[in-house]
Amino acid sequence: MQKSKLTLYIFIALILGVIAGYIYNVYVIGGINSKISTADAAIQNISTKLINLKDTTAADYKQLKAQKVAQAHISSTNNSLRDDKLEGFSILSDIFLRLIKMIVAPLVFTTLVVGVAKLGDIKTVGRIGGKTLLWFLSATLVSLVLGMLLVNFFEPGVAMHLPLPDSHLGTDIKTTGLSFRDFINHVFPRSFFEAMTNNEILQIVVFAIFFGVATASIGKQGEVVIKAMDAIAHVILKITGYVMYLAPLAVFGAITAIVAKQGLGILSTYAVFIGEFYFSLIILWLLIIMAGYFVLRNRAFKLVNRIKDAMLIAFGTSTSEAAYPKVLLELESFGCSNKIVSFVLPLGYSFNLDGSMMYMTFASVFLAQAYGVHLTIAHEITMLLILMLTSKGVAGVPRASLVVIAGTISMFNIPEAGLALLLGIDPLLDMGRSATNVLGNAMATAVVSKWEGELSTGESIIELPIY
């Protein structure tokens, strides 16, 4: 009963957030948005004129430069004013997300150390890690291929018929892809404390695996450490229960801020693209559940029912990280072994982002369609393989999906300025991606538990926080 109340409160918060955001957009933000749009359009127009002027010493050139600076000032001033007007709403989600980030790093470390130590030796870690990565890589490939197939089937960008922009015009998004050196830097920590401070989950995972294996190898002395880590993990989970009281407020604040800033018009402008992407996510959900069904049978549906609150939290806050503590609790309550959950789930947050994977191929091909850039089957397969490699380990990068897309499309002569098409609706799409990531990681953890014979036949009775 208590859990269903949380689901109800979050759903109500979503609806109220849309209503409040619409009202705020019409009566408070609308005028500011008009000024920003006018200024940005003027900047683009002036930039085009500047490029066509060959003589940079001409009076017209200097006049256009001055006009561009003036319009940029107007845009910047109104952007700051809009952010100030939305501060009261965004601060609600900021508080919740900060509290979640406070919990996640120590929770991942303590639970993973306990999980690895209970596994016993490096051979067991390797065996379970192999099974986990096999599922992760398979899920990644399926997600990328599905996104590519569906975007070619729906062709949401074809109707846009956008002219190719001048090469000088771009966006502020980092356009370099994740290099091998960057990937290594995201994997191996130079300081455990720096990794904890920056919430670098993958680095924490690497240190925790070493720490857990070493703890298990020293015998009885290590048992003290395991008990201490286990106790700390339970304390953090108790804190999680307190933090979750704020989830509906956080969802309300986040949704209100998005709708107030973008307006409902953003939904109608990109309705086809948004609708087709979410339809594609539903197909991906069905595939994930179907894959889980082959291993878990009917319990796959019970698992989905258990994690619906966590998926709603991820959807409302646009981050799967916010749902991590809740998913961990639900998986153990579902019957998954603590040591498997503690090992597989943190890895999933770096290597198994199914929703984000599908979005990368979907969005990349969408931009090619919008600008009429022809991609052969060979091009698309190459793009898929590049995304499969460059997307790993970017969970800690802000706007990770857009960063990876930006680094990939430049290889196929797709205008980087096209990313501006995605900027306005990316928060709306990120909500669906985050919820999908939660589903994929929860199902992967349950499946690996089953493969290892560590999934109890009946659901465990675990005292969950009362909401």
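Output the qualifying pairs, or none if there are none: Cβ atoms under 7 angstrom, residues six or more apart or on different chains, first residue in the range 8-21 and more than 15 Å from Tyr245 (Cβ to Cβ) and touching a residue at least 24 places away in the same chain (Cβ under 8 Å), second residue among the polar types (S, T, N, Q) and surrounded by 19 or more Cβ atoms within 10 Å (Cβ to Cβ).
Final answer for the pair search is Gly17/Thr256; Ala20/Thr256; Gly21/Thr256.
Which condition from (1) within 30 Å of Ile12 (Cα to Cα); (2) surrounded by fewer than 22 Cβ atoms within 10 Å (Cβ to Cβ); (3) among the basic types (Lys, Arg) is the one that Lys261 breaks?
(2)
Quick check on Ile36: is it out of contact with any strand residue (DSSP E or B) (no Cβ under 8 Å at 6 or more places or on another chain) and modelled with pLDDT under 85? Even if it seems obvious, please write down each step before you answer.
Values: out of contact with any strand residue (DSSP E or B) (no Cβ under 8 Å at 6 or more places or on another chain): yes; modelled with pLDDT under 85: no.
No.
Within the range 430-439, does at least one residue satisfy the condition of being assigned to a helix (DSSP H, G or I), under 22 Å from Leu385 (Cα atoms) and small (Gly, Ala, Ser)?
Filtering the range 430-439 down to residues assigned to a helix (DSSP H, G or I) leaves 430-439.
Add one more test, that the residue is under 22 Å from Leu385 (Cα atoms), and what stays is 433, 436-437.
Restricting the remaining residues to those that are small (Gly, Ala, Ser) gives none.
For the range 430-439, residues assigned to a helix (DSSP H, G or I), under 22 Å from Leu385 (Cα atoms) and small (Gly, Ala, Ser): absent.
For the range 280-333, how many residues are touching a residue at least 40 places away in the same chain (Cβ under 8 Å), assigned to a helix (DSSP H, G or I) and under 26 Å from Ile425 (Cα atoms)?
Residues flagged as touching a residue at least 40 places away in the same chain (Cβ under 8 Å), assigned to a helix (DSSP H, G or I) and under 26 Å from Ile425 (Cα atoms) within the range 280-333 amount to 22.
Quick check on the range 175-208: of everything there that is touching an Asp or Glu at 6+ places or on another chain (Cβ under 9 Å) and not in a helix (DSSP H, G or I), which residue is modelled with the lowest pLDDT?
Here the residue is Thr175.
Residues in the range 234-252: is at least one at pLDDT below 85 and within 30 Å of Ile36 (Cα to Cα)?
Yes, the range 234-252 has at least one match.
Listed residues Ile103, Ile91; which is farther than 17 Å from Gly263 by Cα and surrounded by 16 or more Cβ atoms within 10 Å (Cβ to Cβ)?
Details: Ile91 fails: surrounded by 16 or more Cβ atoms within 10 Å (Cβ to Cβ).
Just one listed residue meets the conditions, Ile103.
Scan the range 108-157 residue by residue and report those that are in contact with a Pro (Cβ under 7 Å, 6 or more places away or on another chain) and within 15 Å of Val213 (Cβ to Cβ). Walk me through it before giving the result.
Keep residues of the range 108-157 that are in contact with a Pro (Cβ under 7 Å, 6 or more places away or on another chain), which gives 108, 112.
Leu112 - this is the single residue of the range 108-157 that is in contact with a Pro (Cβ under 7 Å, 6 or more places away or on another chain) and within 15 Å of Val213 (Cβ to Cβ).
Do you know which of the residues in the range 54-74 that are farther than 21 Å from Lys261 by Cα and surrounded by 13 or more Cβ atoms within 10 Å (Cβ to Cβ) is modelled with the highest pLDDT?
Residues of the range 54-74 that are farther than 21 Å from Lys261 by Cα, as a first pass: 54-70.
Cutting the leftovers down to surrounded by 13 or more Cβ atoms within 10 Å (Cβ to Cβ) gives us 61, 64-65, 67-68, 70.
On the way: Tyr61: 78, Leu64: 83, Lys65: 84, Gln67: 86, Lys68: 86, Ala70: 90.
Among those residues, the one meeting the criterion is Ala70.
Mind listing whichever residues of the range 317-348 are modelled with pLDDT under 85 and farther than 17 Å from Thr110 by Cα?
Thr317, Ser318, Thr319, Ser320, Ala322, listed by residue number.
What are the residues in the range 210-224 that are hydrophobic (A, V, I, L, M, F, W, C), surrounded by 13 or more Cβ atoms within 10 Å (Cβ to Cβ) and more than 33 Å from the chain's Cα centre (by Cα), if any?
Ala216
Using the structure shown, decide if Thr197 is crowded, with 18+ Cβ neighbours inside 10 Å and within 26 Å of the chain's Cα centre (by Cα). Spell out how you get there, then give the answer.
Values: crowded, with 18+ Cβ neighbours inside 10 Å: no; within 26 Å of the chain's Cα centre (by Cα): yes.
Criteria not met by Thr197.
Assuming Lys339 fulfils every condition listed in (1) touching a Lys or Arg at 6+ places or on another chain (Cβ under 8 Å); (2) within 13 Å of Asn437 (Cβ to Cβ); (3) surrounded by fewer than 24 Cβ atoms within 10 Å (Cβ to Cβ) apart from one, which condition is it?
Only one criterion in (1) touching a Lys or Arg at 6+ places or on another chain (Cβ under 8 Å); (2) within 13 Å of Asn437 (Cβ to Cβ); (3) surrounded by fewer than 24 Cβ atoms within 10 Å (Cβ to Cβ) is unmet by Lys339, namely (2).
Determine, yes or no, whether Leu119 is hydrophobic (A, V, I, L, M, F, W, C) and modelled with pLDDT of 80 or more.
Working: hydrophobic (A, V, I, L, M, F, W, C): yes; modelled with pLDDT of 80 or more: no.
In short, no.
Anything in the range 253-266 that is outside any loop (DSSP other than H, G, I, E, B), more than 21 Å from Met311 (Cβ to Cβ) and at pLDDT below 85? List them, or say none. Can you show your working first?
Here is the first cut: in the range 253-266, the ones outside any loop (DSSP other than H, G, I, E, B) are 253-262, 265-266.
Narrowing the set further to residues that are more than 21 Å from Met311 (Cβ to Cβ) leaves 260-262, 265-266.
If the condition is that a residue be outside any loop (DSSP other than H, G, I, E, B), more than 21 Å from Met311 (Cβ to Cβ) and at pLDDT below 85, then Lys261, Gln262, Gly265, Ile266 are the ones that fit.
The values are calculated or read from the model by the stated rules, or taken from the named source; none is laboratory data. Computed from a predicted model, the values in this text were never measured in an experiment. Every residue, glycine as well, gets a Cβ built from its backbone with ideal geometry; the counts of neighbours run over all protein chains shown.
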